[in-house]
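Down below is the structure, laid out as structure tokens.
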Amino acid sequence: MKGLIQIVLLFQVLAACKTTGSNKSSDTLGNKEDLKCKGKDIEICKVEGQHPLDEAIELVLKQVQKSVDKHGIDKKDLDNAFVACTEVAYPGNEALIKSEEAQRGTFICLFNTSFVMNMALNRLSTFIEDFETVDASSSYSDKKWVKNQIDDGTMGHNLESQDLQRYLKETKVFIDKRAKSDVKGIQVESEFLEKFIRPTIDAAKGKPKSILLGVYLPEEGKKRDAAAELKAVLGHEIFHSLYFHSEKMQKLVKDYVDASGPADVAMMKRKLMQKGYAVENKDGTPPSEKQQYMFYNEAEAYLLESGACTDGAFMAYSDEDSEEPEHIIEKTAPLVVKHAAKLRQVLLKENVMSAEWASKWSPDLVLAGCKSK
């Protein structure tokens, strides 16, 4: 949580028309009538309509790749910041939620580089996940903040509209100050906030909407499947969308985690704290309601994600307090396999997600295990 490619554009606002339907075929991708683009410091292109997840990925990826093919890559450059966004048809399996699909949107925003993405979104995630207002610090400077984002390792963000509304309200004085900044990265951040995030929240009109953001980092000189790599990043973020939109899932996850036993719950919390999530207070005071919500939300996403056995796996590696092996062993990642498989089955049984959808986004680790490298 805490998602390509360098693009040299002239930052012109492209005149375009909206799509005429919510299930526009990706065959028409690239036609001007499918896109609405705007922006000066960051080019923001939105593919209109609401699309199934796989199609949405293809749509935004193709927009970014077309620009990359034309203009090249520079992972440390903000002069050509670019992002492609589109709305995803809600992937859950609950009839009530699906009937409210139009009011419960999920957006994928694919940035051209991780630097651009984290420049646009890390301040928001830090406020939401770490409960810190970055620019309230006495040692803060715009230039230092921008520099810190260049090598930030964050691969994706998920942002819920209610949290974003709180951010806009509680940090307004800092938002207004940054709007006058002459630092390029701050200008990129401010423009994305004003031209995409704020309008998206306003359009929600109080309904829950999550924004999924992923980045694909190409490896030069190597053959790669860009869509597959993007899915690996979004395999975590998409479960936040499910969780945001489904009260039933929230209850099932809480009941499952709470019943996992004190030792395993403590392990989950420790792992999340190690990853930078403030799910517990260091002074020993009880966690707030928001911290508890974040604990369950992050736990389920790390357990269920399609990248559960990768280097970023939630519980595939040990620390000094763990009985897990120091490295992944063939078909062995105890807590991942144990809890991921069981939670996955609970959600399938209760019809929160379909078997077909789960097969793409949540591997059955009982069968697959975690392979050694």
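Laboratory data are not the source of any read-out in this text; all were calculated from the coordinates shown. All of these numbers come straight from a predicted model, not from anything done at the bench. No Cβ is skipped: glycine too gets one built from the backbone with ideal geometry, and neighbour counts run over all protein chains shown.
For VAL116, VAL346, VAL146, VAL188, what ranking results if the residue with the fewest other Cβ atoms within 10 Å of its Cβ goes first? Working shown, then result.
Working: VAL116 28, VAL346 15, VAL146 20, VAL188 24.
So the residues, fewest neighbours to most, are VAL346, VAL146, VAL188, VAL116.
Quick check on the exposure proxy: order ILE42, ILE197 from fewest to most C-beta atoms within 10 angstrom.
If I rank by nearby Cβ atoms, fewest first, I get ILE197, ILE42.
7 Å from Cα along Cα→Cβ at both LYS360 and TYR140: what's the point-to-point distance in nm?
3.9
Long-range amide H contacts for GLU132: which residues qualify at under 5 Å (H placed 1.01 Å from N, peptide plane, sequence gap of 5 or more or a different chain)?
Residues meeting the criterion, in which the H sits 1.01 Å from N, are PHE127.
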